[in-house]
Amino acid sequence: QVQLVESGGGLVQPGGSLRLSCAASGSRFRIAAMGWYRQAQGRQREQVARITSGGSTNYADSVKGRFTISRDNAKNTVYLQMNSLKPEDTAVYYCNVETVVATSWGQGTQVTVSS
């Protein structure tokens, strides 16, 4: 079972920035991909960004040009740099890790964008 520890959420004003981190440990298998999802109140969970072990990335259209995902393979850590935040980015953000046998989820970290 992979353990995921997320950090970096909080309250920020519109136009501000936050950086989320997620450290994975305990995996017996190589981590293939890491990513971030979010779930706003009353809405379904949606993928925000994903990065493979080779560095290929993909983003939700709503965050392209504002969010950047990166990872440190040596530390099994994934980051999400969020710039130009908007109120509609308010959600619980979940880290996601894929191995060849399973997908694991973090506990979630709240991001609130409000003036």
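A short reminder: the numbers here are calculations on the coordinates, not readings from a lab. In this text the structure is predicted, and so the values were computed from the model without any measurement.
All C-alpha to C-alpha distances of the chain, sorted into 10 Å bins beginning at zero, yield P(r) values of 15, 50, 29, 6, 0 percent in whole numbers. For the Cα trace of the stretch 1-56, dividing Rg by the Kirkwood Rh returns an Rg/Rh value of 1.01.
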